[in-house]
Amino acid sequence: MQTVHTISDLRAALGGAGRCAFVPTMGNLHDGHLALVRQAKAHGLPVVASIFVNRLQFAPHEDFDRYPRTLARDSELLAAQGCDLVFAPDEAQMYPVPQTYKLHPDPALADMLEGHFRPGFFVGVCTVVMKLFQCVQPALAVFGKKDYQQLMVIRHMVEQFALPIRIDAAETTRAADGLALSSRNGYLSAAERDEAVALSRALRELADRYRAGVATLAELESQAIAGLTARGWKPDYLTVRRRANLLPPPEGDNAPMVVLGAARIGATRLIDNLEF
Ligand code: PAF
């Protein structure tokens, strides 16, 4: 496996557009990322993974500075999966001057949920992903469903700009107890880690109660939020949305749904979702 740190070395190694499958990451890899690499590998193209902690998608009070940088370990894990090339630029490479041109995704999709609670997050994500796409020029890229809204925003961006890149969605990888794998799980204390599975359980219960029609959606969502709050969490949202556009379903709607949640346990903010 080759590692490059500059855009020119990356382009020299790739030798043209549309020749690889791409897995963008911020590093500190776990089994969920490795599943994305395996999925990319299954397409039979050389696999490129990027490792770049993107300052643009963090608000000033968020965890940019303490986000773990673990390139040596990440490289070993990627090599073991058969990843062919790692692109690990530093900030001076990706943002040699302040990034004043930014990509603003459609507010109808990007200003709700994560975008509401993390203003500017999707501007930062879209800007860096577009820039990474220009650097890597992959035939396809794999994104995890764990970041459900991110996946949808990226798909829309690719459609709107007619980028010749196929976006593959990967299922969420979970620990044995059901906790969605996330780099941020590493911030949890042992007690918080035990409690963390309550988020996916609350989402499952909300989905089941929605399908059973036991109360209005607004009531079900408030009950789910109250349940987690009573356990010591600080939820941002637990909500049922239509999979097609992430809008709240009209009363009695039976379309494919996704239940999404974001909540803080101690100092750590976790997100999760389940399609149903
Ligand atoms: O999902 C992530 O890890 C990041 O948002 C991404 C897509 C690598 C952009 O920095």
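The values are calculated or read from the model by the stated rules, or taken from the named source; none is laboratory data. Small disclaimer: the values here were computed from a predicted structure and weren't measured. Neighbour counts are summed over all protein chains in view; Cβ atoms, including those assigned to glycine, are modelled from backbone coordinates with ideal geometry. Keep in mind that these areas ignore ligands, DNA and RNA; they rest on the heavy atoms of the full protein, side chains included. Shrake-Rupley method; radii C 1.70, N 1.55, O 1.52, S 1.80 Å.
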Among the residues of the range 165-173, is there at least one that is farther than 27 Å from residue 221 by Cβ, open to solvent by 70 Å² or more (accessible area, probe 1.4 Å) and not β-branched (Val, Ile, Thr)?
yes
Taking the range 87-129 on its own, how many of its residues are assigned to a loop (DSSP other than H, G, I, E, B) and within 17 Å of the chain's Cα centre (by Cα)?
7
Of the residues that sit in the range 218-239 and are part of a helix (DSSP H, G or I) and in contact with a strand residue (DSSP E or B) (Cβ under 6 Å, 6 or more places away or on another chain), which one is farthest from residue 197 (Cα to Cα)?
221
Can you find a residue that is among the basic types (Lys, Arg) and open to solvent by 30 Å² or more (accessible area, probe 1.4 Å) anywhere in the range 110-125?
no
Taking the range 170-191, which residues are touching a helix residue (DSSP H, G or I) at 6+ places or on another chain (Cβ under 9 Å) and either assigned to a helix (DSSP H, G or I) or of a type outside the set (S, T, N, Q) (or both)?
170, 171, 174, 175, 177, 178, 179, 180, 181, 183, 185, 188
Do we have residue 224 as under 30 Å from residue 17 (Cβ atoms) and open to solvent by less than 40 Å² (accessible area, probe 1.4 Å) here?
no
Might you let me know whether the range 230-242 holds any residue that is touching a residue at least 24 places away in the same chain (Cβ under 8 Å), over 14 Å from residue 274 (Cβ atoms), out of contact with any Ser or Thr (no Cβ under 6 Å at 6 or more places or on another chain) and buried (at least 19 other Cβ atoms within 10 Å of the Cβ)?
yes
Name the residues in the range 133-150 that are assigned to a helix (DSSP H, G or I), within 20 Å of residue 43 (Cβ to Cβ) and open to solvent by 10 Å² or more (accessible area, probe 1.4 Å), would you?
145
Enumeration of residues in the range 185-209 that are buried (at least 16 other Cβ atoms within 10 Å of the Cβ) and of a type in the set (D, E, K, R):
192, 193, 195, 205, 209
Of all residues in the range 243-276 being at pLDDT 95 or above and of a type in the set (Asp, Glu), the one that is most open to solvent (accessible area, probe 1.4 Å):
275
Being farther than 19 Å from residue 187 by Cβ and buried (at least 19 other Cβ atoms within 10 Å of the Cβ), is that true of even one residue in the range 61-75?
yes
Would you say residue 25 is of a type outside the set (Lys, Arg), away from the ligand (no atom under 16 Å from the Cβ) and in contact (Cβ under 8 Å) with a residue 24 or more places away in the chain?
no
